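The block underneath contains the structure these notes are about, expressed in C-alpha cells.
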Amino acid sequence: MRKAILLIISILSVEFCMAQSINLEENIQVTPLTDARNGSLTLGDIDNDGDPDLLILGQDAGTLNTILYENDGNGNFTEITGTSFIGLQFGNSDFADVDNDGDLDLLYTGSNFSTEYFALLYLNDGNGNFTLESNTPFQGSSEGEFVFEDIENDGDLDLLMTGTKLDNLNDPEGIVALYVNDGSGTFTEVGGTPFEQVSSSSIAFIDIDNDGDNDVIISGEDDNEVAITNLYTNDGIGNFSLVANTSIADFAAGDIAVADTDNDGDQDVHISGQAAGGINVSQLYLNDGTGEFTLVSGTPFPATIVGTSDFADFDADGDFDLLVTGATGGAEFTSNIYENQGSNIFV
C-alpha cells in the first residue's frame, strides 16, 4: 500500500564519499512543507522546466489537504495557491501523461471525513494548471494503490487500481479494477478480469519472464480479511492469467518493490507487510528468469507494516540498494537504507 497509510517526509541531500558509502543529511534550507499523515506524496515536473515539483496529500492537525508545490530548481518549494484540489486522506497519488500531449496529468484517490471515496483525474495544460476531468469511469477508493502502465503495448498508459470502496449497503469492500486508455486520456473499464478483489493492497508491475510485457503482482486482504498475494501473467495485449502457484508470501497493508538486485537480467521482488497470524514480514525473492521466485534467507530487513520500500542505487556502484520504512510494532517505526554489497548481501 505504497504511501497510503504512513507518510514520512524528509527532504534529504545525498553525499558520496570516496568509499562510496551512503551518507544522508537533512536539508534545513528547504522551504517548509506541510506536515501530513495518512497520506501520499508524488514528484513530477508539472511545468516542463526540468525539475520535479511536489504534491502532498493527507491530514494535518485535523485538516485534510491536497497541496501542490512548485520547485525553483534549487530544491526550494513554493505552494501553488488557487488549485481546485480536494483535501483527502488514506489515498494515493501519481503524475502521468494520460492524454499523450507531453505534460504530466494528475490522479489521486482517498476519502474525506464524511467517508466519501474519490478518484479524481486532473488534466494539465502544460504550464502546471490543472482542470478536473469529470467524465471518468474510475471507482472512488481509499487505502489502496493504483499504477499507470502500458499493459497492451500500444504506447499509452493504462491504469490498474486497488483499494476499498463502499458497496450498495455502504459497507467497505475491496476492489481491483483495470482501465484501458484509448490514447487520448479516455479510459474504459475492462470486464471479466481474473483479479481477486482486495483491500489494504499493493501493486507492482513486473516482467517476470522477460517476454517484453507487463505482468503484475497484487497483494491485500480478500473479502474474508485473509491476506493474499496473487501473480498474474500478461499475454502481451492486456489479457491476464492467474499463476496457480507462487512462492511469494501472502500479505496485506504493505508494499512491493521490484528491481534486478543481482544483476542477472531479470526482476526480483521485495515485499513488506502483514502476513497470516498478524506476523509482519520483509522478504526478498530472487527470480530465475522464468517467473519462479526463491526466498533469500538471512536478509537484515526489518519486518514492517503500513510502510513503503523502494530500490535505488544510492551509492552509484551499479547495484540496487533498498529503502524500507514502516511500523515495526507498537509505536515503533523505522526508516533505513540497506546497501547492496553485491550478490544480494545487504548491510
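Using unit Cβ charges (K, R positive; D, E negative) and no other charged atoms, how large, in debye to the nearest 20, is the dipole of the stretch 137-261 about its Cα centre?
220
Hey, any idea what the orientation-averaged projected area of the convex hull of the stretch 165-213's Cα atoms comes to, in nm²?
Average projection, Cα convex hull of the stretch 165-213: 5.3 nm².
GNM on the chain, C-alpha springs below 10 Å: top fluctuator among Asp49, Asp156, Asp213?
Of the options given, Asp49 has the highest mean-square fluctuation.
In nm, to one decimal, how far is the modelled label at Ser343 from the one at Thr78, with both set 7 Å along Cα→Cβ?
Modelled inter-label distance: 5.3 nm.
Return the single residue from Ser282, Ser335, Ser93 with maximal mean-square fluctuation; model: Gaussian network over the chain, springs between Cα atoms under 10 Å.
Comparing Ser282, Ser335, Ser93 in the GNM, the peak value goes to Ser335.
HN-Hα J couplings of the stretch 137-147 from phi, Karplus 6.51/-1.76/1.60, θ = phi - 60°, integer Hz, Gly and Pro as x?
Each residue's phi maps through the Karplus curve to give x, 5, 7, x, 7, 8, 6, x, 8, 9, 9 Hz.
Using R₀ = 30 Å, calculate the FRET efficiency as 1/(1 + (r/R₀)^6) where r is the Cβ-Cβ separation of Asn224 and Asn48; round to 0.05.
Approximately 0.05, to the nearest 0.05.
Quick one: compute the contact order of the stretch 152-293, relative version, from alpha carbon pairs under 8 angstrom and 6+ residues apart, as a percent.
Details: 329 pairs, mean separation 24.7, N = 142.
That works out to 17 percent.
Grab the Cα-Cα distance for Phe113 and Asp264, subtract it from 0.36 nm times how many residues apart they are, and report the gain in nm with one decimal.
Additional length available on full extension: 49.6 nm.
Using amide H atoms built 1.01 Å from N in the peptide plane, name the residues 5+ places from Gly87, or on other chains, whose amide H lies under 5 Å from its own.
For Gly87, the qualifying residues are Thr66.
Just to be sure I understand: with springs between alpha-carbon atoms less than 10 Å apart, which residue in Val176, Val281, Val226 has the highest mean-square fluctuation in the Gaussian network model of the chain?
The residue with the greatest mean-square fluctuation here is Val226.
Taking Rh as the Kirkwood radius computed over C-alpha pairs, what is the Stokes-Einstein D of the stretch 226-294 at 20 °C in a medium of viscosity 1.002 mPa s, expressed in µm² per second?
165
Given labels modelled 7 Å from the Cα in the Cβ direction, how far is it in nm from Glu292 to Asp101?
Here the modelled spin labels are 5.0 nm apart.
Tell me, in nm to one decimal, what length is gained between Leu169 and Ile279 on full extension, where the rule is 0.36 nm per residue of separation less the Cα-Cα distance?
On the way: separation 110, 0.36 × 110 = 39.60 nm, distance 3.18 nm.
Residue separation times 0.36 nm, minus the Cα-Cα distance, leaves 36.4 nm.
Pop the C-beta distance of Ala331 and Asp154 into the FRET formula with R0 = 51 Å and round what comes out to the nearest 0.05. Don't skip to the answer; put the middle values down first.
Numbers: r = 48 Å, r/R0 = 0.94.
Using R0 = 51 Å, I get an efficiency of 0.60.
Is the shape of the stretch 261-305 best called rounded, prolate or oblate, per the rule: a/c under 1.5 gives rounded, else a/b larger than b/c gives prolate, else oblate, with a ≥ b ≥ c the square roots of the Cα gyration tensor eigenvalues?
Prolate is the answer for the stretch 261-305, as a/c is 1.5 or above and a/b outweighs b/c.
Per residue, how much accessible area does the chain show when a 1.4 Å probe rolls over the protein heavy atoms, in square angstrom?
43
Mind checking the dipole of the chain: about its Cα centre, +1 per Lys or Arg Cβ, -1 per Asp or Glu Cβ, Debye to the nearest 20?
1400
Of the listed values (i) 21.0, 70; (ii) 22.4, 70; (iii) 19.5, 61, grab the one calculated as Rg and Dmax of the Cα atoms in Å from the structure here.
(iii)
Once phi is turned into θ = phi - 60°, what whole-Hz ³J(HN,Hα) does the Karplus curve with 6.51, -1.76 and 1.60 give for every residue of the stretch 215-222, x standing for Gly and Pro?
Computed from phi, the couplings for the stretch 215-222 are 7, 8, 10, 10, 10, x, 9, 7 Hz.
Show me, for the stretch 47-54, the HN-Hα J-couplings you get by feeding each phi into the Karplus relation (A = 6.51, B = -1.76, C = 1.60, θ = phi - 60°), rounded to Hz, glycine and proline as x.
Using θ = phi - 60°, the values come out as 10, 6, 9, x, 10, x, 8, 9 Hz.
Pull up all non-local amide H partners of Thr42: gap of 5 or more, or a different chain, and H-to-H distance under 5 Å with H placed in the peptide plane.
Leu55
I need to check one value: relative contact order of the stretch 93-164, counting alpha carbon pairs closer than 8 Å and at least 6 residues apart, in percent.
For the stretch 93-164, the relative contact order is 24 percent.
Carbon and sulfur together cover what percent of the accessible area of the chain at a 1.4 Å probe radius? Working shown, then result.
Details: 6830 of 15030 Å².
Its accessible area is 45 percent carbon and sulfur atoms.
Explain nothing, just the number: relative contact order of the chain, from Cα pairs under 8 Å at least 6 residues apart, as a whole percent.
Details: 961 pairs, mean separation 37.6, N = 347.
Across the chain, relative contact order equals 11 percent.
The values are calculated or read from the model by the stated rules, or taken from the named source; none is laboratory data. Note that this is a predicted model, so its numbers are computed, not measured. Positions of Cβ are generated from backbone atoms using ideal geometry, with glycine treated the same way; all protein chains shown enter the neighbour counts. Each accessible area value is taken on the protein alone, full model and side chains, heavy atoms only, with ligands, DNA and RNA left out. Shrake-Rupley method; radii C 1.70, N 1.55, O 1.52, S 1.80 Å.
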